[in-house]
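Worksheet for the structure shown next.
Computed from the coordinates by the stated procedures, all read-outs in this text should not be read as laboratory data. From a predicted model like this one, the values you see are computed outputs, not experimental measurements. Virtual Cβ from ideal backbone geometry, glycine too; neighbours counted across all protein chains shown.
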Amino acid sequence: MPWLNRREKVVKGQAADGPLSQQQLDEFEQRGFLFEPDFLDQREVQELTGHLHELLARDEFRGRDFSVTEPGSEEIRSLFAVHFLSERFRQLARDPRLTGRARQILGGDVYVHQSRINYKPGFHGKGFNWHSDFETWHAEDGMPSMHAVSASIVLTDNHHFNGPLMLIPGSHKVFVPCLGATPDDHHKQSLKTQEFGVPGNDVLQALIERGGIEAPTGKAGGLILFDCNTLHGSNANMSPDPRSNVFFVYNRRDNVCDRPYAARRRRPSFLAHGPGETWTP
């Protein structure tokens, strides 16, 4: 098969190291993700949702490089470096409930490699092709190894029709090389519609036949933790209900990014932070 088997364990820590049980750690090891419903209570969800909409409504963010609009419109779909744009989201990024889980899975101190808020409006929110984040972070950011985990907190009810995150269980156990040169400034297109750095259909079919597809759904406030190499994507939002989430990527501190492995230069700093790094819009 056109992939490389992952050699090392995914979970580096122990149950005694943090809030996740051994059963949860085993599930993450085998499936590449973990869904925790009701991670946040509804009061906290409402507060964070208010901050999210305040940021999305700021006209001075439109047309900026850290602000990604829907293909074919000026409606903001993502704001990056959100823990630098908002004090409340900075606090959330450092919340021990999140950092403790990340440290436990990765087996060491962590920092925020990337953060963003996503908004997929009803009827018009576009989907995203299957991809592994690590493929991009390795090729374009210079992340050496698969020592990173993503934490996505769902701030709206997730159901099968509003474009929830879809994942391929077990896909994190293999690395799928994506052939072809990385275009210069690839992020300008890939953040809207990713065409380079995505697996071929034959590989996807084989992995889906082996692991299936799952889309965690439920009330707002759920947490999805997934490995940096787990293949994931999403469909367009075909319902009137918007979908939004806040997203933090935790990288292990000894896995700091260096030179890109398959691009001429690293992506802008709003997409890939270093430990202790600051950023201003």
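Details
- Those residues of region 86-107 whose amide nitrogen sits under 18 Å from the label point placed on residue 9, 7 Å along Cα→Cβ: 101-107
- Order of 228, 178, 257 under a 10 Å beta carbon neighbour criterion, fewest first: 178, 257, 228
- The structure-derived value of Cα extents along the principal axes in Å appears in the list (1) 94, 45, 36; (2) 46, 43, 39; (3) 82, 43, 40 under the label (2).
- Region 4-255: relative contact order in percent, alpha carbon pairs under 8 Å with at least 6 residues between: 34
- Distance between modelled label sites at residue 90 and residue 73, nm, 7 Å Cα→Cβ extension: 3.2
- Loop-resident GluC sites (Glu not before Pro) (DSSP state other than H, G, I, E or B) in region 195-242 with no more than 16 further Cβ atoms inside 10 Å of their Cβ: 195.
- Note on 67, 269: ascending count of other Cβ atoms within 10 Å places them as 269, 67, the fewest first.
- Cβ crowding within 10 Å ranks 253, 43 as 43, 253, fewest other Cβ atoms first.
- The count of lysine pairs in the chain that are at least 8 places apart or cross chains, and whose C-alpha atoms lie under 18 Å apart, stands at 6.
- Helix-only [θ]222 nm of the chain, DSSP H runs n ≥ 4, -39500 (n - 2.57) each, per residue, nearest 500: -6500 deg cm²/dmol
- Across all C-alpha atoms in region 1-148, the radius of gyration and Dmax reach 17.6, 49 Å.
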